[in-house]
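**Student:** Next up is a structure, given as structure tokens.
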Amino acid sequence: MTDIATLYIVPTPIGNLDDISARAIEVLREVSWIAAEDTRHSARLLQHFSIGTKTLSLHEHNEDKRASMLCEKLKNGEAVALISDAGTPLISDPGFILVRRCREQGIPVSALPGPCAAITALSASGLPTDKFIFEGFLPVKMQARENALSALLDRTFTTVFYEAPRRILDTVSDIQKVLGERQLVIAKELTKTFETYVSGTAQDVIDYLQADAAHQKGEFVVMIGPAQVSEQAIPSEAMNLLHTLCEYMPLKKAAAVVASHYDLKKNALYQAGLDSKE
């Protein structure tokens, strides 16, 4: 019986082709099949690196059927690489069904590290990175989008999500409507020639988007800073203890101790501690 082959999760560049790893190129050349979100789009990448491996499509409309077929190929010893149009597969891209089926059937899955727009943007945003949440895409309909944004009112850590060019202005306008002038950063054209970061209030970002129609083109990463926690909302004795403990231990640990002692939210104390250092 043929040994079961491995499914490889292979990140591809989000813009600059030089960001692909030597290991990714090697895997793509050596597997039997490449499952691509859009084979026509991926053909340009594969051609650039002289990769002649057979490809087939795997997208949101055919993943269930393709997953069954690919699992059979893997069990017959044909290794498969999964790629998306750009970045790390499964991060707001297809692949979850396939990976879950492989895990259920005992098929090895190996993920390669590599480009991811959310992490790339966050690392250069200037927003807190010690704790964050990735929300994917916000809802398309306005009311649902506003409801989703309302959940961020008391969130004391950074939120990251993707947005399409046709909705970016409406989304930032909704952020302003729901969250006020919260610190905001948008990133577009990451790793490309015209890579751009815009930081400031929602109004600052709206002004940038409206200044030139070209500013609304491209794929966006939108990052919303944490809610500011007023020290006045935290008992003075709790803040005093927090400041004292910070002389002997990291802020995160001190916040956890004080939160447990005073029955307060650890995240709120942590953010208040950060704010008091500025």
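**Student:** Could you list all residues from region 142-163 that are modelled with pLDDT under 95 and not in a helix (DSSP H, G or I)?
**Tutor:** If the condition is that a residue be modelled with pLDDT under 95 and not in a helix (DSSP H, G or I), then ALA151, LEU152, LEU153, ASP154, ARG155, THR156, PHE157 are the ones that fit.
**Student:** Do you know which residues across region 10-38 are under 28 Å from PHE194 (Cα atoms), surrounded by fewer than 16 Cβ atoms within 10 Å (Cβ to Cβ) and touching a strand residue (DSSP E or B) at 6+ places or on another chain (Cβ under 8 Å)?
**Tutor:** ASP38
**Student:** Okay, next question. Conditions: (1) of a type in the set (A, V, I, L, M); (2) buried (at least 20 other Cβ atoms within 10 Å of the Cβ); (3) in a strand (DSSP E or B). LEU56 meets all but one. Number of the miss?
**Tutor:** Condition not satisfied by LEU56: (2).
**Student:** Let me ask you something else. Would you be able to tell me the number of residues in region 91-118 that are in a helix (DSSP H, G or I), in contact with a Phe, Trp or Tyr (Cβ under 9 Å, 6 or more places away or on another chain) and surrounded by fewer than 17 Cβ atoms within 10 Å (Cβ to Cβ)?
**Tutor:** Number satisfying all stated conditions: 0.
**Student:** Could you grab me the full set of residues in region 239-252 that are out of contact with any helix residue (DSSP H, G or I) (no Cβ under 8 Å at 6 or more places or on another chain), closer than 21 Å to PRO128 by Cα and in a helix (DSSP H, G or I)?
**Tutor:** Selection gives nothing.
**Student:** Sticking with this one: Please pick out the residue among ILE206, ILE186, ILE175 that is in a helix (DSSP H, G or I), within 20 Å of the chain's Cα centre (by Cα) and modelled with pLDDT of 95 or more.
**Tutor:** That would be ILE175, the only listed residue that is in a helix (DSSP H, G or I), within 20 Å of the chain's Cα centre (by Cα) and modelled with pLDDT of 95 or more.
The values are calculated or read from the model by the stated rules, or taken from the named source; none is laboratory data. Predicted model only: the values in this text are computed from it and were never measured. As a convention, Cβ positions derive from the backbone with ideal geometry for all residues, glycine included, and neighbour counts pool all protein chains shown.
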